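One structure is given here, and the rest of the page talks about it.
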Amino acid sequence: MSISFSHTILRIFSVIALLGAWLSVGCGSSGPAVHSVKGQVQLVGGDSSPLVGHMLEVTKADDKLVRSYGEIKADGNFELESLIAGEIHKGAKEGKYQARIVLADDDPAVKQQARAALHPRYLAFESSGLAFEVPAKTPVQLQVSRR
């Protein structure tokens, strides 16, 4: 009886995967409409180097399932990318976005350094106060403060 149940579940997942692949191909479209989003995260009153290698994560204000990400580089710059229908696209869909910083956990010392430099409110969408619209006419400038 459990074998039959497992096969049924496997078939359901297969059908869902095929349907998703079919829908992502569409009717000859060249892909989703995304807009290039480049900007900079600035640590007010200090050096932004503790944020290097960590991520800026953004979510659409009206659809929390739509998210994009960008790694914070040495100069504080980032470029957003979005995972759409299983493919990475440079940019983000049009709309209003909220942002937060996601600390990388590859190196505990680096994570601790960033945590010590950054006010914890920037780690959550609800409290960060970081927001912008896509498409943006100029590079996005996000200022964060120390503890």
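The values are calculated or read from the model by the stated rules, or taken from the named source; none is laboratory data. Keep in mind that this is a model prediction, so the values were computed, not measured. Backbone-built Cβ (ideal geometry, glycine too); neighbour counts: all protein chains shown.
At-a-glance table
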{"read-out": "The range 125-147, residues that are more than 19 Å from ASP47 (Cβ to Cβ) and either out of contact with any Lys or Arg (no Cβ under 6 Å at 6 or more places or on another chain) or assigned to a strand (DSSP E or B) (or both)", "value": "GLU126, GLY129, LEU130, ALA131, PHE132, GLU133, VAL134, PRO135, ALA136, LYS137, THR138, VAL140"}
{"read-out": "Test: residue in the range 92-104 that is in contact with a helix residue (DSSP H, G or I) (Cβ under 6 Å, 6 or more places away or on another chain), touching a residue at least 40 places away in the same chain (Cβ under 8 Å), farther than 18 Å from SER48 by Cβ and crowded, with 16+ Cβ neighbours inside 10 Å", "value": "yes"}
{"read-out": "Residue, surrounded by the fewest Cβ atoms within 10 Å (Cβ to Cβ), within the range 61-83, restricted to residues that are under 15 Å from SER48 (Cα atoms) and of a type in the set (D, E, K, R)", "value": "ASP75"}
{"read-out": "Residues of the range 107-139 classified as in contact with a helix residue (DSSP H, G or I) (Cβ under 9 Å, 6 or more places away or on another chain) and aromatic (Phe, Trp, Tyr), total", "value": "1"}
{"read-out": "Selection within the range 78-87 - in contact (Cβ under 8 Å) with a residue 24 or more places away in the chain and either closer than 17 Å to VAL134 by Cβ or in a loop (DSSP other than H, G, I, E, B) (or both)", "value": "PHE78, GLU79, LEU80, SER82, ILE84, ALA85, GLY86"}
{"read-out": "Matching residues, the range 59-77, being out of contact with any helix residue (DSSP H, G or I) (no Cβ under 8 Å at 6 or more places or on another chain), free of Cβ contacts under 8 Å to residues at least 60 places away in the same chain and hydrophobic (A, V, I, L, M, F, W, C)", "value": "LEU65, VAL66"}
{"read-out": "Filter pass, LEU43 being modelled with pLDDT under 95, surrounded by 14 or more Cβ atoms within 10 Å (Cβ to Cβ) and closer than 14 Å to SER128 by Cβ", "value": "yes"}
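Conditions tested, residue by residue: (1) among the basic types (Lys, Arg); (2) assigned to a loop (DSSP other than H, G, I, E, B); (3) within 13 Å of the chain's Cα centre (by Cα).
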position	(1), (2), (3)
VAL41	no, no, no
ARG67	yes, no, yes
GLY70	no, no, yes
HIS89	no, no, yes
GLN98	no, no, yes
